[in-house]
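Report on the structure given below.
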Amino acid sequence: MVRFVIYADCEEDIRALIPLLRDAARSRGKWALIQPYIGWDALPRYLSFVKRNPYLVMVVATRGKRGRETAAKIRENNPLARMLWFSDPDNGVYSYRIHVTCFGLLPPTQEGVALALNACGLSAEEPPTDTRYGSPPAEK
């Protein structure tokens, strides 16, 4: 299972991200638990939810200067968790300053989400088969 906690300025970005994240996780053999937070009013609840939880993947979809400030605040709130930030190209360089795991462009694409999950360590490769208990290796 992978827990994604999404913050976005608008519902349109959330609606685009949820199926992409779900499909990309499923293609990796993972079940996606997705918790969305939409709008500036939801930011305090989002920050409270993700604080000190390094086991989740924070997904942020924000634009412009306000988006940059929001992403920095989210990263400061939880510096250990994996963070995917989808924004406009102007925020690309800033994403390195706040140490995001992966930066992608809005609107998100299936390929962009797949690359972001790879950056989080959720690769599409099959895990090795455990043969300690006599189970044969999986055939390809």
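The values are calculated or read from the model by the stated rules, or taken from the named source; none is laboratory data. Please read all numbers here as calculations on a predicted model, not as lab measurements. Please note: Cβ atoms are built from the backbone with ideal geometry, for glycine as well, and neighbour counts cover all protein chains shown. Note: areas computed on protein heavy atoms with side chains; ligands, DNA, RNA excluded. Shrake-Rupley method; radii C 1.70, N 1.55, O 1.52, S 1.80 Å.
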Given a 1.4 Å probe, how much area per residue of the chain is accessible, in Å²? 60 Å²
Fraction of accessible area attributable to carbon and sulfur, the chain (%, probe 1.4 Å): 53 percent
Can you give the calculated 222 nm mean residue ellipticity of the chain, where each DSSP H run of n ≥ 4 adds -39,500 (n - 2.57) and the sum is split over every residue, rounded to the nearest 500 deg cm²/dmol? -12000 deg cm²/dmol
Over all Cα pairs of the chain, the Kirkwood radius sets Rh, and Rg/Rh then becomes 1.03
How much of residue 65 can a 1.4 Å solvent probe reach, expressed as accessible area in Å² and rounded to 10? 130 Å²
Count the net charge of all other residues whose Cβ sits under 13 Å from the Cβ of residue 72, scoring Lys and Arg as +1 and Asp and Glu as -1. +4
